[in-house]
Amino acid sequence: MSEPHIIAEIITFSLGAAINPTNLTIVLLYLGAQNRPLQKGSSYYAGNFSAAFLWAFLSLIFGAALLTFVPHFSTFVSACIDAGIGFILLLLGIYLFRKKKPQKHDKAKEAKKEPSIYKVFSFGFFMNMANYSSIPLLFVASKDVGLTGFPFDYQIALLLVICLIMNMMVEIPLIFYVLERQRAAKILRKANTFFISNGNIIMGIYIFLIGLFLLWRGINVLNIL
């Protein structure tokens, strides 16, 4: 797989993984806290990023293991995985689209409490470890990085890019908060309202299209049709 191809794939999959209204709501709650808002928001982000990188690293190791131990069948196995994940994402996309409006997030209520910085980090870590809509996209992108055979340090750099894009909905509020707190609050509240109302529809459509692409890619490599 060529370098431009893998980078384009990383951006596409990571953007899909980034659409997460719950994360946006929670980080805004932390940034709106009376006590240590920036520390809480940063700790939540650190937990999110750590979980994303852990998933990405394990997925990269999986892809590299395929390339090392079953080099002649790595493409076949990867295509089977892509087709399977693509089918699952199709169903997930339909489910999210039909859901239309996100339910009230119980996890968002958790952020209103007065937790320690360590608990905020753990909460952010858990939220991304259990992120069922983003992890499949993260897995496919990171697995394919492992299959490239690029130097290990370059692969790690690509994983960092994946994780940075995936966590944009937490990073952007933090950056706004640091640069221009009062103006950012108004803009981010509007963005939060929009994603609360339309986030599942946007995510459902995007995930459905990505699932369709993965299913087509897997079937095309397997030469089933």
Checklist outcome for this item: Exactly one of PHE69, PHE57, PHE62 is touching a Lys or Arg at 6+ places or on another chain (Cβ under 7 Å), open to solvent by 10 Å² or more (accessible area, probe 1.4 Å) and hydrophobic (A, V, I, L, M, F, W, C), and that residue is PHE62
Checklist outcome for this item: Of those in region 25-39 that are assigned to a helix (DSSP H, G or I) and open to solvent by 10 Å² or more (accessible area, probe 1.4 Å), the residue modelled with the highest pLDDT is GLN39
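Tell me, which helices (runs of 4 or more DSSP H) wholly within region 142-225 include 1 or more residues that are among the charged types (D, E, K, R) and open to solvent by less than 70 Å² (accessible area, probe 1.4 Å)? Walk me through it before giving the result.
Numbers: elements: 152-166, 168-179, 181-222.
Of the helices (runs of 4 or more DSSP H) lying wholly inside region 142-225, those with at least 1 residues that are among the charged types (D, E, K, R) and open to solvent by less than 70 Å² (accessible area, probe 1.4 Å) span 168-179, 181-222.
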Checklist outcome for this item: Those residues of region 64-121 that are at pLDDT 90 or above and acidic (Asp, Glu) come to a total of 0
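So that you can scan it fast, the table gives a plain yes or no per residue for (1) among the β-branched types (Val, Ile, Thr); (2) in contact (Cβ under 8 Å) with a residue 24 or more places away in the chain:
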| site | (1), (2) |
| --- | --- |
| VAL27 | yes, yes |
| LEU38 | no, yes |
| TYR44 | no, yes |
| SER50 | no, yes |
| THR68 | yes, no |
| SER74 | no, yes |
| ILE81 | yes, yes |
| GLY86 | no, yes |
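Looking at ILE7, ILE19, can you tell me which residue is surrounded by fewer than 18 Cβ atoms within 10 Å (Cβ to Cβ), β-branched (Val, Ile, Thr) and out of contact with any Lys or Arg (no Cβ under 8 Å at 6 or more places or on another chain)? Can you show your working first?
Working: ILE19 fails: surrounded by fewer than 18 Cβ atoms within 10 Å (Cβ to Cβ).
Of ILE7, ILE19, the one residue that is surrounded by fewer than 18 Cβ atoms within 10 Å (Cβ to Cβ), β-branched (Val, Ile, Thr) and out of contact with any Lys or Arg (no Cβ under 8 Å at 6 or more places or on another chain) is ILE7.
The values are calculated or read from the model by the stated rules, or taken from the named source; none is laboratory data. What you see is a predicted model, and the numbers here were worked out from it, not measured in a lab. Counting neighbours? That spans all protein chains shown, and the Cβs are built from the backbone with ideal geometry, glycine included. Remember, those area values only see protein heavy atoms, side chains included, never the ligands or the DNA or RNA. Shrake-Rupley method; radii C 1.70, N 1.55, O 1.52, S 1.80 Å.
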